[in-house]
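Sharing a structure here in structure tokens format.
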Amino acid sequence: MKDGAVTMETCLEIDRYHRFPLQHDKWEVRKETKTYRYKLQTVRSGQCFGQEEILTNLKKRTSRVVALTNCSIVTFRKNM
């Protein structure tokens, strides 16, 4: 990154299961999924991010980046 600051976050999905009685011997199971954002790090000028996805050829992103200030970012494209 040339200028500015960003924060890197990942989303964690936690599944919880709850049992509710329907009758004397019957239960209903309900699934509840909560998503939590977890801050990984703050990246500032002179540092880089996203290289793991390029180098390991990941298709699905594992984190998201949110700008904290106005940023100037240098990007690279991997030739397939």
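Please work out which residue is modelled with the highest pLDDT, limiting yourself to segment 53-65 and to residues that are open to solvent by 70 Å² or more (accessible area, probe 1.4 Å) and either assigned to a strand (DSSP E or B) or touching a helix residue (DSSP H, G or I) at 6+ places or on another chain (Cβ under 8 Å) (or both).
Among those that are open to solvent by 70 Å² or more (accessible area, probe 1.4 Å) and either assigned to a strand (DSSP E or B) or touching a helix residue (DSSP H, G or I) at 6+ places or on another chain (Cβ under 8 Å) (or both), it is ARG64.
Let me ask something else about it. Limited to segment 2-52, what total is found for residues that are more than 15 Å from the chain's Cα centre (by Cα), at positive phi and open to solvent by less than 70 Å² (accessible area, probe 1.4 Å)?
1
Can you tell which of THR7, THR35 is part of a strand (DSSP E or B) and without any contact (Cβ under 8 Å) to a residue 40 or more places away in the chain?
Values: THR7 fails: without any contact (Cβ under 8 Å) to a residue 40 or more places away in the chain.
Criteria check complete, one pass: THR35.
The values are calculated or read from the model by the stated rules, or taken from the named source; none is laboratory data. The model shown is predicted, which means the values in this text are computed figures rather than measured ones. Counting neighbours? That spans all protein chains shown, and the Cβs are built from the backbone with ideal geometry, glycine included. The accessibility values were calculated without ligands, DNA or RNA, using every heavy atom of the protein model including side chains. Shrake-Rupley method; radii C 1.70, N 1.55, O 1.52, S 1.80 Å.
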